[in-house]
Amino acid sequence: MDFRYEIYGVGWARARIRDGASEVRLRASYLGDALGDLLETLVYLLWGAEIAQCSWEEEPGEYRWIFRRSGSEVNLVILALPDNFPRLPDDAGTQIYETNKPLVEVVTAIADGAQRVLDEHGEAGYLAQWLDAPFPTDHLHLIRTLLAERL
């Protein structure tokens with residue numbers, strides 16, 4: 001599993017997630033805290049939530065990440081929705097990605113991708129480009145701690 005996240009311009013990010021069988025590329029705008037929301041969602045899963053989700057805002061539209069945990073496995077579905085105001089139900093979206101993997105594998109891939117962003121930009125550089133939200137350092141550290149407890 002591989003997750004790449006890149007900030008480009010001011011207030012825009014693009015990401016790629018792939019699992020060897022499929023891949024999707026996404027964009028997110030500063031209208032939300034895309035990376036922070038994703039990492040927070042992973043924390044809930046590591047704490048034991050069976051279902052957790054987050055959304056990445058587009059202009060217009062939304063990418064909705066839906067995680068369903070079953071024991072040590074997780075099903076990740078990403079939906080593309082045509083609008084984000086008002087919030088549309090899941091069935092209004094088009095599924096653009098799905099994978100079933102061990103939770104630790106998915107969380108580790110996304111955390112590693114987030115770490116690469118922090119290593120490249122640092123906290124100050126990230127905030128200068130993302131504008132409204134600081135780098136989610138606390139979430140990343142908590143994920144690393146929770147992963148270490150599982151291994």
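The values are calculated or read from the model by the stated rules, or taken from the named source; none is laboratory data. For clarity, every value in this text was computed on a predicted model and none was experimentally measured. Counting neighbours? That spans all protein chains shown, and the Cβs are built from the backbone with ideal geometry, glycine included.
Values for this structure:
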quantity: Filter result for residue 61 (at positive phi and surrounded by 14 or more Cβ atoms within 10 Å (Cβ to Cβ)); calculated: yes
quantity: Residues of segment 113-141 satisfying the condition of being in a helix (DSSP H, G or I), surrounded by fewer than 13 Cβ atoms within 10 Å (Cβ to Cβ) and at pLDDT below 95; calculated: 128
quantity: Residue list for segment 1-25, restricted to those being under 15 Å from residue 110 (Cβ atoms), not in a loop (DSSP other than H, G, I, E, B) and not basic (Lys, Arg); calculated: 2, 3, 5, 6, 13, 15, 17, 23, 24
quantity: First in segment 1-26 and at negative phi, second anywhere and modelled with pLDDT under 95 and loosely packed, with under 14 Cβ neighbours inside 10 Å, Cβ under 7 Å, 6 or more apart; calculated: 10/131; 14/8
quantity: Odd one out for residue 40, checked against (1) more than 15 Å from the chain's Cα centre (by Cα); (2) within 30 Å of residue 150 (Cα to Cα); (3) among the charged types (D, E, K, R); calculated: (1)
